[in-house]
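See structure below.
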Amino acid sequence: MKRQFVLGIAIVAMAMGLSACKRDGAPTADTASATAAKPAQTATATAISASAAATPVIPRPAKVELRDGRFAFGPQARIAVVGQDAETTRIAQDFASRVKLARGFAPQVGGAVDGAAVVFAIDANIAPTGDEAYVVDVTPQGVKISARKPAGLFYGAVTLWQMLADGTQGEASIAAQRIQDAPRFGWRGLMLDVARHFRTPDEVKALLDQMALHKLNTFHWHLTDDQGWRVEIKQYPKLTQVGSCRIPAGAAGRDAKGKPAPYCGFYTQDEIRDIVKYAADRYITVVPEFDLPGHAQAAIASYPEFGVPGTAPPVSPDWGVNTWLFNVDDNTFTFLQNVLDEMMPLFPGQYFHLGGDEAAKDQWEQSATVQAKKKALGLKDDMQLQSWFMGRLGKYIEAHGKRMIGWDEILEGGPPADATVMSWRGTDGAIEAARAGHDVVMAPSPDLYLDHVQSDAADETPGRLDVISLKNIYEFTPVPVQLSPDQATRILGVQGNLWTEHQRTFQRMQRSLFPRGAALAEVTWSPESRLDWNDFLQRMAFQMKRYRLTGFDASDSAFAVRFTPQPIEGGKGSLALSNQSNFGTIRYTLDGSEPTPTSQAYTHPLELPLPTTVKANVFAYEHVLASPRSFALDLRSLRARSSNALRSCKKDLMLRMEDDAPSDGKDGDRRLLLADVFDPCWIYDAAQLDGIATVEVRVGQLPHNYALWKDASKVVTRPAKIPGGALEVRLDGCEGEPVAVLPLAPARKSDGLTTLTASLPTQAGRHDLCFTFASGEYNPMWVVDQVTLLPKGN
C-alpha cells in the first residue's frame, strides 16, 4: 500500500495521522453522528447569501463587484471572438458545448462583436496579471470575458458556465457583476494512482473534466508500482505483457472454477498521447511518475536481470512496502534510460516525477556487488547511494529538457540542486526543502491523502482512517508558518493524492476525489482572505447540482443524513438525525415517500413506534444536497452494530476494507469491513445486556496482503484453542476467560460472510464486550462485520 507503511512506529504515526501524532483538528471519528447526546440539528432554513447566490463559483473568485440588474442568456444568444484567434475560438466552442449540457441549447459561435451576448477577448492590459488571470464583466446587455492568455480565458469561461449551470433548462438569468480573478498558486493538483487499480482512458478523461471545472491545473499520474506497470514501452514489451497483470490476493484472485483470475490493464502510447492532449485542451499539465529505485516489483517481475537478486518475483498482490529494488549497475541504467527515452516524449510538460520513496534497502544491503559499488563511489551509506542513483537519472532527464521532482525522501541523501520536492511525510520535508532552496509541492499525509475515508458513515467508501473530511481539506494551510517570506516563495502549490489500494471502482475514485477536490481547488486558487467555510458550503449547494449535471458521482458524505438510534420504554425507539457539516435543513417522511423541500423538518430526536422506517434528506432551500437515506427502526437495528460503529481495541493501522468475495458470486457489491490489520479486535461499548440471551456475529475473512516490512512483528496472532479456531467474546475488557466462544468452522466453508451465534450468560446492566479471533493465523484475517444482541425468544 503506497505510503501506508513507513520506517518505524514514529514515522508510521506521523504519516498516517495516528493518535500518537495526529494533526491538530483532524477528527478520529465523524463528530456529527458519534453520539445521540449531541444537540440535534435545527430546522432553521439555511439561508443562501446574496453573494453566494449571485456568484455560486468554486473556487471563490479573488474579487467580485455586484451591480444592479441581470443578464438574460437564452437560446438566441450568440458568442463572438475578438480577432478570430483559433485558440480563443476553440475555448468559445468548448464553452458553447458546456452550455448545451447545462441549459439545453448551444449558442452560435462567430460573427461580429456588436450584438453578441458573450464576447471572448485576449487583452494584454487587463488586471490582474498572470497567464491564468481573467475578468468576467456581466452587464444587463451582455458578458465579456477577457484574459491575457488563453488559459485565463478558459478559466473565465468556467466561471461563467458555473453561474449558468443551476440545474434548470432554458433561458438563464445572471446577476450583473464584475469578477477579477487570478490563482494564489501555480500548482493546483490531484494525483491518481492507476498502478493499484487501473482506470480506463475515458475514466481518466472524466477526472480531467472535473479538474478543469474546478480550475485545477496539474494531473500527477502514478503509472508504475509494485502492483502494476501501466505504460507501453515498445523496446521492453514484457513490462506490459507481464508487469501489467497481477493475481489479486484472496477470493478475488480466483474465478468460478478456482483458477487464477489476473487483474490487468495498461495504456498504449497512443492512448497516453490522446489523454495528454485532452488534458492540455483543458489547460492541465500531466506529470508522469516512474517510481524508482523502490516500488519496482512489477518491472523486475518483467525483467528480473535489472533487479538485485536476478530472480523474478510475481507482480505483487500485496499493499505496503515491498523490498524489490532496481540494481545499480550500468546495464540497469541503460534499461531505465531507454524506458525514459520512450516516456519523456509522451509528456511535454516541464516536470517528470521519479518517485524516490519507501525504498527499503534490504536487497542493496545484502548484495556484495551493490556494496562494492557504493564503496567505489565513496558513499558512506545506502541513502547516499540512493541519492547518487536518483541524481544520475535526474541529470539524464534534465539533459532532455525535463525537471526532476520526487517524494521528500530524496532529501535524505542530498538531492540534485535543482530538484523539486513533493512533501508527503507531513510538512517537515517541505520546510527542510524550502530552507535549502528547493521548490516544493505540498502533498502531506494525512492532510491531503484522499484515500482516507471522509466520514464514519456505514455507506462510506473504503479507505484508511482517520477521517479526512471536506472541512479538513478546506482548513489546510498551504504555507508552513515556520517559513520566512522568502522561503515561502518556494511553495509552488498544493496537491491531493489518491492511492487506490482500496478504490477498486471508478465510482469510488470519483467519490474519494470530489467534493474534497473542490475544497482543495478553493484553498489553492482563492486568496487567503477570501476563504470562508460557511460561504463555501452555501456555494456547494450549487456545486452538488453541477456534479449531477455532469454525471460525476461525487460523494455526499458531508451532507448526507446520519441516524443514531436509541431504545426507549414501551416498545418505542428514539432516532436522532444529523449530518457531518451541520449545514442545511433535514427533512423526513414516515410513509415511505421520498423527502422533498416541503417535507417535515427535523428539530429534535424522533420517538417512534417499532417498527418504523424513516427516510430523510438535507436541503438548502430548493437545493438538494445529498441522496436520500433511510433507516428501519426496529428491535434488531436497536441492538445491532456494524464494524464501523464498533470501537477498535487499539489504533495502529485502521482500514475500512472491501470483502474480496463478491456477494453475488460475480463482481458486484461487496461488504465493507473495518479492522486494525495489526490487531483485529473490536469493542461493543456499553452494551445493554438486560434480558440478552444470544450474541449473533456476522464474520468474514480477508487476505492479509500487507507487506509490512519491519513492522511485521506488530501483527498479533492468537492461538486457536479449538480445531478451526473461534471468535471469543469477553466481558469488560479483552483479558480473562471468554463468556462466549463461536467456532469458526462454519465460516471456513465460505469465502463470503457467515453468521455465527452463541449463548451469553445472564448479565445485568451495561458492559463492554470485546471480540477477538483465536485462529492461530493472521492470514486470512478474520473480521467482524456486525454484532447483534438478541433477547430470549428471538
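The values are calculated or read from the model by the stated rules, or taken from the named source; none is laboratory data. Because the structure is predicted, anything quoted here is derived from the model rather than measured. Note: ideal-geometry Cβ built from the backbone for every residue, glycine included; neighbour counts use all protein chains shown. With ligands, DNA and RNA removed, areas are computed over all heavy atoms of the protein, side chains included. Shrake-Rupley method; radii C 1.70, N 1.55, O 1.52, S 1.80 Å.
When the test is whether a residue is in contact with a Phe, Trp or Tyr (Cβ under 6 Å, 6 or more places away or on another chain) and over 27 Å from Ala86 (Cβ atoms), Glu171 does not pass it. Residues satisfying the criterion are present in the stretch 361-374 (criterion: outside any helix (DSSP H, G or I) and of a type outside the set (Val, Ile, Thr)).
Restricting the stretch 102-146 to residues that are part of a strand (DSSP E or B) and of a type in the set (D, E, K, R), the residue that is most open to solvent (accessible area, probe 1.4 Å) is Lys144.
Taking the stretch 58-95 as the range and being under 15 Å from Gly152 (Cβ atoms) and not in a strand (DSSP E or B) as the test, the residues that pass are Pro59, Pro61, Ala62, Val82, Asp85, Glu87, Thr88, Arg90, Ile91, Ala92, Asp94, Phe95.
Taking the stretch 616-669, which residues are open to solvent by 50 Å² or more (accessible area, probe 1.4 Å), at pLDDT 95 or above and in contact with an Asp or Glu (Cβ under 7 Å, 6 or more places away or on another chain)? Correct list: Ser627, Pro628. Residues that are at pLDDT 95 or above, within 25 Å of Leu393 (Cβ to Cβ), β-branched (Val, Ile, Thr) and part of a loop (DSSP other than H, G, I, E, B) do not occur anywhere in the stretch 285-296.
Checking each residue in the stretch 511-567 for being touching a strand residue (DSSP E or B) at 6+ places or on another chain (Cβ under 9 Å), over 24 Å from Asn217 (Cβ atoms) and among the aliphatic types (A, V, I, L, M) picks out Leu537, Ala541, Ala560, Val561. Residues of the stretch 249-284 that are of a type in the set (A, V, I, L, M) and in a loop (DSSP other than H, G, I, E, B): Ala249, Ala256, Ala261, Ile284. Within the stretch 174-193, residues that are open to solvent by less than 10 Å² (accessible area, probe 1.4 Å) have Cβ atoms under 6 Å from residues that are polar (S, T, N, Q) in these pairs: Ala176/Thr139; Arg188/Asn217; Arg188/Thr524; Gly189/Thr218; Gly189/Gln495; Met191/Gln495; Met191/Asn497; Asp193/Thr500, counting only partners at least 6 apart in sequence or on another chain. So in the stretch 235-266, with the set limited to residues that are β-branched (Val, Ile, Thr) and open to solvent by 30 Å² or more (accessible area, probe 1.4 Å), which one is nearest to Pro780 (Cα to Cα)? Across the stretch 235-266, the extreme among qualifying residues is Ile247. Has the stretch 696-713 got at least one residue that is open to solvent by 30 Å² or more (accessible area, probe 1.4 Å), among the polar types (S, T, N, Q) and farther than 27 Å from Arg254 by Cβ? Yes: one or more hits. Residues in the stretch 593-640 that are over 33 Å from the mean Cα position of the chain (by Cα) and of a type in the set (A, V, I, L, M, F, W, C): Leu606, Leu608, Leu610, Leu635.
Of everything in the stretch 464-516, what is more than 11 Å from the chain's Cα centre (by Cα) and of a type in the set (Ser, Thr, Tyr)? Give them in sequence order. Tyr474, Thr477, Ser484, Thr489, Thr505, listed by residue number. The condition of being within 18 Å of Ala360 (Cα to Cα) and either at pLDDT 95 or above or among the charged types (D, E, K, R) (or both) holds for only one of Ala299, Ala280, that being Ala299.
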